[in-house]
1. Fewest Cβ neighbours within 10 Å first, please rank Lys227, Lys91, Lys308 accordingly.
2. Apply the Karplus parameterisation 6.51 cos²θ - 1.76 cosθ + 1.60, with θ equal to phi minus 60°, to every residue of the stretch 84-100 and state each ³J(HN,Hα) to the nearest whole Hz, in sequence, with x for glycine and proline.
3. Please give the contour-minus-distance gain from Asp271 to Val347: 0.36 nm per residue of separation, less the Cα-Cα distance, rounded to one decimal in nm.
4. Which value in deg cm²/dmol, rounded to the nearest 500, describes the helix-derived mean residue ellipticity at 222 nm for the chain, given -39,500 (n - 2.57) per DSSP H run of n ≥ 4 and division by the residue count?
5. Determine which lysines satisfy two conditions relative to Lys180: a Cα distance under 18 Å, and not lying fewer than 8 residues away in the same chain.
6. Report, in whole Å, the centroid distance computed from the Cα atoms of the stretch 39-63 and the stretch 196-265.
7. Only counting other Cβ atoms within 10 Å, I'd like Asp230, Asp181, Asp60 sorted with the fewest neighbours first.
8. In the neighborhood of Glu93, defined by Cβ-to-Cβ distances under 10 Å, what is the net charge if each Lys or Arg adds +1 and each Asp or Glu adds -1?
Amino acid sequence: MRSAILLMTITFAALAVQAQTNSGYRIHDMERAEAPVVTPGQNGSPPADAIVLFDGTNLDAWRTKEGGPAAWKVADGYMETVAGADDIFTKQEFGDCQLHIEWASPADPAGKIDQDRGNSGIFFMEKYEIQVLDSYQNRTYSDGHAGSVYAQFPPQVNATRPPGEWQTYDIVFRAPRFKKDGAVKRPARITAFLNGVLVQDNVALTGPTGWLQQKPYEKHADAMSIKLQDHDSPVRFRNIWIRPLPQREHLKKIKMKTREAKVELSTDQLDRFTGAYETIDPDDEKKEVPFIVIRREGNQLLAAIRDKQEWPLFPQSETEFVFETFDGTLTFVQDEKGAVTGVNFRVGIEPDFEKKL
Ligand code: MG
């Protein structure tokens, strides 16, 4: 008797704890929004939801600083900086984004060394630079190599190809967030792959890019142009596409609704379901423990699922039960005489039938 009371106490204490997950959704919750479909590109071509900024034919998506037509050279599927034509800016403005861009520094470095060799740059929001440089066997300061967040973070590794070869950047940029008074709420962040190799791993920028200095943040718009730098080297670019990133909707948390019994079942009704259930698949290796074992404690049914913990069950009807912490259903099946013959166990869409042993 004492032990029975003790067991009941433990069970009710356990049930009183509100189930928690990282999201507020049940594990495997079918009510959680499904990710939108995006048809991926092939070999660097844009995915279906990307905005193409340069497809090799024209500079329509670009402007000068003053808003005039971008005057870089376009030939054979690439664009190239033109001395004196200055930096170019996207007409469209972006905040958080994923950028794909390919670049090539001059095949012949022409005796240029250090920062004079194939220098350009990709500036997010016109301010935050990922360096473009011919860093192949070219000693320069480490925070100015290709793959660096210029003057702030050297690349983790030097993954550059020889001059003249096409190189690929895939960059995730998170714009800084500012408070009303202009203070930084969240700094800008960059993750970058150069030729498929991680060079920046979610680094928090100190502020806008500067030469000889690390400038402090200054509050600015939520979306601004991307700038490609004319740094007196004929650097080429091609296949530029961008995906503005959502505000992490898929990470939004909700408050989990507590599971409740929708019907009250007598201990006699509950006892019909207790016992062991096993998958009836001839190919299935015979296991020592049945797939599902159900027992009753007071008015509570508990289900142990192979090698895992034991979960309380909440009746939704005379034959259907749900779990608290994950989105699963047990629907008991009975024959014409009312004897329980098995249970349909659902997680996801398709239930599996488990035969009562
Ligand atoms: Mg540069």
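All of the numbers you see were taken from the coordinates with simple rules; none came from a lab. Fair warning: this is a prediction, and the values are worked out from it, not measured in the lab. Using ideal geometry, Cβ is built from the backbone for each residue, glycine included, and neighbour counts are taken over all protein chains shown.
1. Working: Lys227 21, Lys91 13, Lys308 8.
Listed from fewest to most nearby Cβ atoms, that is Lys308, Lys91, Lys227.
2. Each residue of the stretch 84-100 in turn: x, 7, 6, 5, 10, 10, 5, 5, 7, 10, 9, x, 4, 7, 10, 10, 10 Hz.
3. Contour length minus the Cα-Cα distance gives 25.0 nm.
4. Here the helix-only value at 222 nm equals -1500 deg cm²/dmol.
5. Lys219
6. 19
7. Ranking Asp230, Asp181, Asp60 by Cβ neighbours within 10 Å, fewest first, gives Asp181, Asp60, Asp230.
8. -1
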